[in-house]
Amino acid sequence: MGSNHPRATDSTPRAPRPVPPGQRRVNGWPVSHYGPVPRFRPERWNLRVFGATATGDEHAWTFDEVIALPRRTVVADLHCATGPTSTDHEWYGIPTTAVLELVPPAADVTHVMAWAEYGYAANLRLADFTSPEALLATHHNGEPLTAEHGFPLRLVVPHLYGYKSPKWLRTIEYLTEDRRGFWEERGYHNIGDPWKEQRYSHQEQKDDGPALPAS
């Protein structure tokens, strides 16, 4: 599902997709996030890639440089771990694979940490981060993202629960071993596959993630 334009032109009606077990289809696009909505300051904003890069160097793009990168359109659903599923979101942005092509990871990288404003972070397996529908989204349904939905940049990994798609993305860290993110340290499942109902950490199997921090 690709496009060179913010809005896809295919108007063919789509049959409703099934929703994952335990989810309920909702109308509209509910707003859900932790903490306040940050103010966008373009003169101070950048997207940084660091950690275990192939060269050992880090890289940063300004907002103008980010929106000049190759982009595509993906239509996908969004699943919240608390139960709601909103369907047929049209996302437009930079494929996550483009980031790895521009800033290659070291050979032993297995995971990434996606850092957002105010220190929020979500960890993902490299295979999930580079899945075909994963994007660094700048637009939704043909319009720039609104502030409450993640403007100027939101990671979208639609095959996982929404807490793996952080709003207000600022940094991508390459990891050679897994490390839990914000909600993953607070009782949410380390992988977060909605089709397996991986909602909470007590459901984790032996190899699903690192040990939880001591309470």
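Candidates are the residues of segment 139-196 that are within 20 Å of residue 76 (Cβ to Cβ) and hydroxyl-bearing (Ser, Thr, Tyr); the one that is farthest from the chain's Cα centre (by Cα) is 146.
Summed over segment 59-74, the residues that are surrounded by 19 or more Cβ atoms within 10 Å (Cβ to Cβ) and among the acidic types (Asp, Glu) give a count of 0. Yes or no: segment 195-202 includes at least one residue that is surrounded by 19 or more Cβ atoms within 10 Å (Cβ to Cβ) and part of a strand (DSSP E or B). Checked against the condition, which is being surrounded by 19 or more Cβ atoms within 10 Å (Cβ to Cβ) and part of a strand (DSSP E or B), segment 195-202 yields no hits at all.
For the condition within 21 Å of residue 90 (Cβ to Cβ) and either touching a Lys or Arg at 6+ places or on another chain (Cβ under 6 Å) or buried (at least 16 other Cβ atoms within 10 Å of the Cβ) (or both), residue 49 does not qualify.
The residues on offer are 174, 163, and the sole one that is farther than 18 Å from residue 37 by Cα and either at pLDDT 95 or above or buried (at least 20 other Cβ atoms within 10 Å of the Cβ) (or both) is 174. Annotation: of all residues in segment 1-39 being among the hydrophobic types (A, V, I, L, M, F, W, C) and at pLDDT 70 or above, the one that is surrounded by the fewest Cβ atoms within 10 Å (Cβ to Cβ) is 31. Pairing each residue of segment 163-187 that is on the phi > 0 side of the Ramachandran plot with any residue that is of a type in the set (Ser, Thr, Tyr) and surrounded by fewer than 20 Cβ atoms within 10 Å (Cβ to Cβ), provided the two are 6+ apart or on different chains, yields C-beta distances under 6 Å for 187/200; 187/201.
Taking the conditions (1) over 19 Å from residue 94 (Cα atoms); (2) free of Cβ contacts under 8 Å to residues at least 12 places away in the same chain in turn, residue 144 satisfies each one other than (1). Note on segment 197-215: residues that are of a type in the set (A, V, I, L, M, F, W, C) and within 20 Å of the chain's Cα centre (by Cα) total 0. The combined condition, being in contact with a Ser or Thr (Cβ under 7 Å, 6 or more places away or on another chain) and surrounded by fewer than 17 Cβ atoms within 10 Å (Cβ to Cβ), is not fulfilled by residue 77. Per the conditions (1) more than 28 Å from residue 36 (Cβ to Cβ); (2) touching a Pro at 6+ places or on another chain (Cβ under 8 Å), the sole criterion not satisfied by residue 131 is (2). For segment 80-123, which residues satisfy the criterion of being in a helix (DSSP H, G or I), surrounded by fewer than 21 Cβ atoms within 10 Å (Cβ to Cβ) and not acidic (Asp, Glu)? Correct list: 97, 98, 100, 102, 118, 119.
Summed over segment 102-144, residues that are in contact with a helix residue (DSSP H, G or I) (Cβ under 8 Å, 6 or more places away or on another chain) and among the acidic types (Asp, Glu) total 1. Scanning segment 195-209 for residues that are of a type outside the set (S, T, N, Q), modelled with pLDDT of 95 or more and out of contact with any helix residue (DSSP H, G or I) (no Cβ under 9 Å at 6 or more places or on another chain) yields 195, 199, 200, 202, 204.
The values are calculated or read from the model by the stated rules, or taken from the named source; none is laboratory data. Because the structure is a prediction, the values reported are computed rather than measured. No Cβ is skipped: glycine too gets one built from the backbone with ideal geometry, and neighbour counts run over all protein chains shown.
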